[in-house]
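Enquirer: I'd like to ask you about the structure that follows.
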């Protein structure tokens, strides 16, 4: 009997390992592996060098005066662990940064005060790197809180040791996760637009924002962690989310739920492996969210090959639109406008936003789990063709570049760096997925929202 139990445990473990080792990474050339390893390592360095070790807060961007970004901190938690797995830092160092962050979050001021760190268990979008106080009079951000909690749920599973640090990490992870009052964020049922949906924001003066998180975009993970941690209105809120989906087929065989910037197809997938699980909408559409992201990525690939606006550099080896920095309006010339930071994206010609010739390497890199066959050649080409001109630096790819006007960004953005490091690791071995998919909050959230296997 004992041998049978051991066999079943071993079989279960091996089955899980096999499931996550079929990405194709092992079949890559040594040159491709070295390139991805280098890109991942340099990207990882951002989250080690641009952190306040006293409180675990991570800069929003690589400038001296940058505040922290709450979402960036959520990304940092698994990235520190990735560093430990690769021996870039010790696991003790990763745990040290994580416990410093969780202690800060747990003890930080939660009140309606305009300079608090958060309210009702939620956190402001930007925080002062030293004090952790609200920065720039920004909004209390539901999506940033959701992404933060997703990172915390990873920590609750990864740090499973019996030592005092890892035990405290698990304890604080639960306290912080269950403290969030998602019901406070619900748009009232009497509101005409999106009643029951989670509001995008709250402000100490203006109160709850009337704009709700409705699909499809990066907030899928937010609904999952909310549903899994006690949001009693999750089912109704999610029904509002699903009602506004737009399904289109911009190119042959690429029908998908439309959201032009690629980050909306990547952020939730950094934590949740959606392969083979379906909600009510998926079941009717006939494909899961992983396949949706694959098709969205290929749609951008096809758009760049067509290059309807005739931007320089656009082709099958140089593509990727997402939210990123841009050259700005000072480059306005020949009747063409160049934007600053904007949510650039395309879901085909009739679903294109802010396409001004600006390409973000994270757009392709964040989709490596979906389409490695087109992502890896593109990233290598971008590095070889544009890296030496200023695109490549201490943290790998800088945020964005525009070949048409020979513009290269000087900054790195944490929320664009994060998907690079995490998605490369998920492509290699499903590392972040393996821990998040066994988390009690994420598992319950998926169940509450009606996800089933097919």
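Enquirer: Just one of (1) farther than 27 Å from residue 262 by Cα; (2) assigned to a helix (DSSP H, G or I); (3) more than 21 Å from the chain's Cα centre (by Cα) trips up residue 189, so point out which.
Expert: (2)
Enquirer: Moving to a separate point now. When you scan segment 407-424, do you find a residue that is modelled with pLDDT under 95 and surrounded by fewer than 19 Cβ atoms within 10 Å (Cβ to Cβ), even just one?
Expert: No; the residues of segment 407-424 include none that is modelled with pLDDT under 95 and surrounded by fewer than 19 Cβ atoms within 10 Å (Cβ to Cβ).
Enquirer: Limited to segment 360-380, what total is found for residues that are in contact with a strand residue (DSSP E or B) (Cβ under 6 Å, 6 or more places away or on another chain) and not in a loop (DSSP other than H, G, I, E, B)?
Expert: Residues that pass the stated criteria total 1.
Enquirer: Got at least one residue in segment 74-88 being under 13 Å from residue 123 (Cα atoms) and either over 20 Å from the mean Cα position of the chain (by Cα) or in contact (Cβ under 8 Å) with a residue 60 or more places away in the chain (or both)?
Expert: Yes, the conditions are met somewhere in segment 74-88.
Enquirer: Which of the residues that make up segment 192-204 are outside any loop (DSSP other than H, G, I, E, B) and buried (at least 17 other Cβ atoms within 10 Å of the Cβ)?
Expert: 198, 199, 201, 202 - these are the residues of segment 192-204 that are outside any loop (DSSP other than H, G, I, E, B) and buried (at least 17 other Cβ atoms within 10 Å of the Cβ).
Enquirer: What are the pairs with Cβ atoms under 9 angstrom where one residue, in segment 405-426, is in the same structural domain as residue 390 (by TED's automatic domain parsing) and farther than 24 Å from residue 65 by Cβ and the other, located anywhere, is assigned to a strand (DSSP E or B) and at pLDDT below 95? Sequence gap at least six, or different chains.
Expert: Sorted first by the residue in segment 405-426, then by its partner, the pairs are 405/333.
Enquirer: Right, another one. Kindly check whether there is at least one residue in segment 266-278 that is assigned by TED's automatic domain parsing to the domain that holds residue 366, touching a strand residue (DSSP E or B) at 6+ places or on another chain (Cβ under 8 Å) and either within 23 Å of residue 417 (Cα to Cα) or surrounded by 18 or more Cβ atoms within 10 Å (Cβ to Cβ) (or both).
Expert: Yes, some residue in segment 266-278 is assigned by TED's automatic domain parsing to the domain that holds residue 366, touching a strand residue (DSSP E or B) at 6+ places or on another chain (Cβ under 8 Å) and either within 23 Å of residue 417 (Cα to Cα) or surrounded by 18 or more Cβ atoms within 10 Å (Cβ to Cβ) (or both).
Enquirer: Being within 23 Å of residue 184 (Cα to Cα), modelled with pLDDT of 95 or more, touching a helix residue (DSSP H, G or I) at 6+ places or on another chain (Cβ under 7 Å) and not in a loop (DSSP other than H, G, I, E, B) narrows it down to one of 84, 95, 71, so name that one.
Expert: 71
Enquirer: Name the single residue, out of those in segment 153-171 being touching a residue at least 12 places away in the same chain (Cβ under 8 Å) and farther than 18 Å from residue 93 by Cβ, that is surrounded by the most Cβ atoms within 10 Å (Cβ to Cβ).
Expert: If we take residues in segment 153-171 being touching a residue at least 12 places away in the same chain (Cβ under 8 Å) and farther than 18 Å from residue 93 by Cβ, then 153 is surrounded by the most Cβ atoms within 10 Å (Cβ to Cβ).
Enquirer: Starting from residues that are without any contact (Cβ under 8 Å) to a residue 60 or more places away in the chain and assigned to a loop (DSSP other than H, G, I, E, B), keep the ones in segment 98-124 and report whichever is nearest to the chain's Cα centre (by Cα).
Expert: Going through the qualifying residues, I end up with 117.
The values are calculated or read from the model by the stated rules, or taken from the named source; none is laboratory data. Computed from a predicted structure; not experimentally measured. Ideal geometry is used to build each Cβ from the backbone, glycine not excepted, and the neighbour counts take in all protein chains shown.
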